[in-house]
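What follows is a single structure, written as C-alpha cells, with notes after it.
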Amino acid sequence: MKRVVIVGMGFGGLRAARGLAGKGVEVVVVDRRNFHLFQPLLYQVATASLEPEAIAYPIRAAIRDWKGIDFRLGEVTGVDFQKRRVQLKDGVLPYDYLVLAAGGATHYFGMKSIETFSFDLKSLDQSESLRNHIIESFERATIETDPEKRRALLTFVITGGGPAGVEFAGALKELIDHELSRDFPTLDMAESRVMLLEGRDALLAFLPESQRLYTKKRLEDMGIEVRFNTQVSGAEPGKILLGDGSGISACTMVWTAGVQAAPLAAELGLPRGANGRIRVREDLSIEDHPDVFAIGDIAFLEQDGRPLPMVAPVAMQGGTYVAEAVINRIKGRPASPFRYHDKGNMATIGRNSAVAYTFGMKYSGFIAWVLWLFLHLMYLVGFRNRLMVLLNWGFYYFHRAMQVRIISGSTPVGGKGCSQPQASDVRTP
C-alpha cells in the first residue's frame, strides 16, 4: 500500500486528506499543532468577538471517520527527496508521495523593528495576545497622567488595506465604540484613534472600483482614519515610522501588509518564486520530483500570466486536485493540469456591511454581509464550532456585546508597543 504524507492541516491539507480517505492508500498528516485553525476569523478573536476554541478544531476529531488517515504531531525540519523521507524533530517519516501544505507566514519585508513591535493575525496565540494588549492599553490609559502617552495608548494603527486589515479595523472600531466606551467611562473616547494605512491608492484592490469606494466611505463613516499611499518604514516603542520621515505616536500596530510562504519552504532547497513560494508545475508537482506536490500559500504557480493568490480557496481547490492526482498517478492514469476557478472575493466591514464580488455580480451592504456570514459558517470545521460562532454572532447582533473582554495569560503589553509605565507616571483612580 502506498503511503502519502501531508505536511500541514490548513485548508489545503484538510481537503487533500479528505479526498484520499478510503481510496486504498495510507495517509499520514503531520502538523506542529493538533488543531485545524480557521484563520479568516482570527481577527474576531483579537477583537473579543469569539473565543479561541470557536475557530480551532482538533485534527484527530476531524479525521476520526476518514478511513486510512492517521495524524502525527510534529514539526518538519526538512525532506530527503532521494530517500523519500520527511525529517521531523523527533524522527523520520518515509513516503511514496508527499504533499507540502504548510501554508504561509507574515512577510515583514526585512523590517526587523516591525516584526518586533507589531502584531499579526496568523496564529491563535498572536490573536489572543493582541486582544490582551488592546484591553490592557485601555486599562493603562485610565491611570496615565501624560496626555500624549495616553493618546498613544489609545491609538491603533493597522497596516494593509486587504481583507484582513479592513475587517480588523471595522471590528476594532465597533469594539471601542460599543463596548470599551462603556467599560471605561472615565476615558475621553475622542482621544481614541483607529487608523488604516495602505501603501497603494485603494483598499481591497481585487474588487471593482465602486466597491472599493464604498469600503472607504463606510470605514470613514465609522470614524476610522484611512490613509492611502502611506509606507511604513519601521517602528520603535510608542512610535510608528513612515516612509516620508514622519511618525505616528501609537502603542499598537497590527501588520497585515504582507504574506509569504512558511519558513519550511526556504529549508528544502527547491526552486522558489515570489514571496518565497515553491515553484510547481501545472499538475502542482515539483520539477525533478514528480512524487512531491505543493499546494496553497507555500506553492507558486502562474495562471493566465499572473501568480495564483495566497487565499484559502486556492488551497482548498489545490487539495482536492492533488488527492485526485495522487490516485491517478498510482493507477497510471494521466491527470489534466490544475486550474483554479475564482468564485469571487468578499470582505466584511462592520455590522450589516460588507462587499462581495462573485460570478461577475457586485453586492454591497446587508446582502453582502449575510453572504459573508453564511460562507464563513459553511467552511468552519465541526458542528460545535459552527453553533458557537452562530450563537456569538447572534448575541452580538441583538445586544452589541463582545463577551470575551478578558485579559488572559501573562503576555506583557510592553513587549509589543509602549514600555510599561513607571510609578511616577500613574495616578490613583
Do any of LYS216/LYS239; LYS112/LYS173; LYS216/LYS416; LYS112/LYS362; LYS83/LYS331 go past 31 Å between their Cα atoms, and which?
LYS112/LYS362
Mind checking which of HIS178, HIS341, HIS107 has the largest fluctuation in a GNM of the chain, springs on alpha carbons under 10 Å?
HIS341
Between the range 1-44 and the range 77-142, what's the alpha-carbon centroid distance in Å?
17
Positive end of the dipole of the chain, charges at C-beta (+1 Lys, Arg; -1 Asp, Glu), about the Cα centre: which of THR77, LEU175, SER249 has its Cα farthest in that direction?
THR77
Just need the relative contact order of the chain here, percent rounded to a whole number, with Cα pairs under 8 Å and 6+ apart.
21
Once TRP66 and LYS23 are pulled to full extension, the length gained, defined as 0.36 nm per residue separation minus their Cα-Cα distance, is 14.5 nm
Provide Rg and Dmax in Å for the range 72-202, with only Cα atoms included in the calculation.
21.0, 66
Using bins 5 angstrom wide from zero, how does P(r) for the range 137-213 break down, in % of all Cα pairs?
3, 15, 23, 19, 14, 12, 8, 5, 2, 0
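I'd like to know how the range 24-102 sits against the 2.2 N^0.38 Å rule of thumb: what's its Cα Rg over that expected value?
Normalised Rg, Cα atoms only: 1.32.
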In the range 93-198, chymotrypsin sites (Phe, Trp or Tyr not before Pro) in a DSSP loop with at most 16 other beta-carbon atoms within 10 Å
PHE109
Nothing charged except the Cβ atoms of Lys and Arg (+1) and of Asp and Glu (-1): what's the magnitude of the dipole of the chain about its Cα centre? Round to the nearest 20 debye.
1200
If the chain between GLU191 and ALA266 were fully extended at 0.36 nm per residue, the gain over the current Cα-Cα distance would be 22.6 nm
Arrange the peptides 307-317, 396-406 so that the one whose residues have, on average, the most other Cβ atoms within 10 Å appears first.
307-317, 396-406
Regression test value, accessible area per residue of the chain, probe 1.4 Å, units Å², expected 45
Cleavage-rule hits, chymotrypsin sites (Phe, Trp or Tyr not before Pro), the range 294-394, DSSP coil, Cβ neighbours within 10 Å at most 11:
PHE359
Accessible surface of SER129 in the full protein assembly, 1.4 angstrom probe, to the nearest 10 Å²?
20
If the viscosity is 0.692 mPa s and the temperature 37 °C, what translational diffusion coefficient in µm²/s does Stokes-Einstein give for the chain when Rh comes from Kirkwood over Cα pairs?
144
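The values are calculated or read from the model by the stated rules, or taken from the named source; none is laboratory data. Everything quoted here is computed from the prediction, not taken from an experiment. Here Cβ is always computed from backbone atoms with ideal geometry, including for glycine, and neighbour counts include all displayed protein chains. In case anyone asks, the SASA skips ligands and DNA or RNA and just uses the protein heavy atoms, side chains included. Shrake-Rupley method; radii C 1.70, N 1.55, O 1.52, S 1.80 Å.
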